[in-house]
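> I have a structure I would like to understand better, so I am pasting it below and will then ask my questions one at a time.
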Amino acid sequence: MFSLLKVAKTFNDFKTEITDQQTIELLEKLYVFPENVELFVAGVLETPLPGASMGPTFSCLMGKQFQALREGDRFWFENHKGPQRFTQEQLHQLYQVSLAKIICDNGDTIQKLQRFVQQVAKPGNRRKFCHLHTGIDLSKWSMP
């Protein structure tokens, strides 16, 4: 997914679009050696990937974790191993809903979200009112 990332050998290697010299000096004071900087701190300091809200390290970790969760779950609806319990109509409904709609339906104070919530809001992925996001037709789960 990503090429091998560069290992920080000096504190200046942590310099990105979102860090300044004061941040670099603080890192050096707190951690003494660049290899002591914690994963979370280093990940937060990375420049976000184009169109994303996080850098390459966190993007890679999240992708690997989601893949492991999905492939290891025999009940995952797309996994062809184990029990499959959805009809084609039900699967069609599941593919229609977005994470934005799920968050909207379960968040009390959220009024607007972009369809692709893990990407930055921009033209083509603008925030819109929650009631405008496509939901699931639960009638496809009713018993005949």
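The values are calculated or read from the model by the stated rules, or taken from the named source; none is laboratory data. The structure presented is a predicted model; accordingly, all values stated were derived computationally and were not measured. Cβ: placed from backbone, ideal geometry, glycine included. Neighbour counts: every protein chain shown. For accessibility, only protein heavy atoms count, side chains too; no ligands or nucleic acids. Shrake-Rupley method; radii C 1.70, N 1.55, O 1.52, S 1.80 Å.
> For every other residue with a beta carbon closer than 11 angstrom to the beta carbon of residue 55, add +1 if it is Lys or Arg and -1 if Asp or Glu, then tell me the sum.
-2
> Something else: What is the magnitude of the charge dipole of region 1-85 about its Cα centre, with +1 placed on the Cβ of each Lys and Arg, -1 on the Cβ of each Asp and Glu, and no other charges, expressed in debye to the nearest 20?
So the magnitude is around 500 debye.
> Please tell me the relative contact order of region 45-144 in percent, rounded to the nearest whole number, where contacts are Cα pairs under 8 Å and at least six residues apart.
Relative contact order of region 45-144: 23 percent.
> State, to one decimal in nm², a quarter of the convex hull surface area for the C-alpha atoms of region 1-99, i.e. the direction-averaged projected area. Don't skip to the answer; put the middle values down first.
Working: hull surface 35.1 nm².
Convex hull of Cα atoms, orientation-averaged projection: 8.8 nm².
> If you don't mind, another one. How far, in nm, would the chain grow between residue 78 and residue 21 when pulled straight, counting 0.36 nm per residue and subtracting the alpha carbon separation?
15.8 nm
> Could I ask something else about it? For residue 136 and residue 85 in the same chain, what is the full-extension length gain: residue separation times 0.36 nm, less their Cα-Cα distance, in nm?
In short, 16.7 nm is gained.
> Could I ask something else about it? Quick test of the membrane-span-like rule: which DSSP H helices of the chain reach at least 18 Å along their long axis (C-alpha atoms) with mean Kyte hydropathy at least -0.5? Could you put the intermediate results ahead of the total?
On the way: long enough: 56-72 (24 Å, -0.20).
Sorted by number, the helices that extend far enough and score high enough are 56-72.
> Through the Karplus equation 6.51 cos²θ - 1.76 cosθ + 1.60, θ set to phi - 60°, convert the phi angles of region 33-45 into ³J(HN,Hα) values in whole Hz; use x for Gly and Pro.
The phi angles translate into 10, x, 6, 8, 5, 5, 4, 4, 4, 4, x, 5, 7 Hz.
> So what is the 222 nm mean residue ellipticity for the chain from helices alone, if each DSSP H run of at least 4 adds -39500 (n - 2.57) and you divide by all residues, rounding to the nearest 500 deg cm²/dmol?
Numbers: 5 runs with 52 residues, N = 144.
After summing the helix terms and dividing by the residues of the chain, the value is -10500 deg cm²/dmol.
> Can you give the accessible area per residue of region 31-103, in Å², using a 1.4 Å probe?
69
> Between beta-carbons, use under 12 Å as the cut-off and find the net charge around residue 111, counting Lys and Arg +1, Asp and Glu -1.
Surrounding charge for residue 111 is +2.
> Take residue 64 and residue 127, extend 7 Å from each Cα along the Cα→Cβ direction, and tell me the distance between the two endpoints in nm.
3.3
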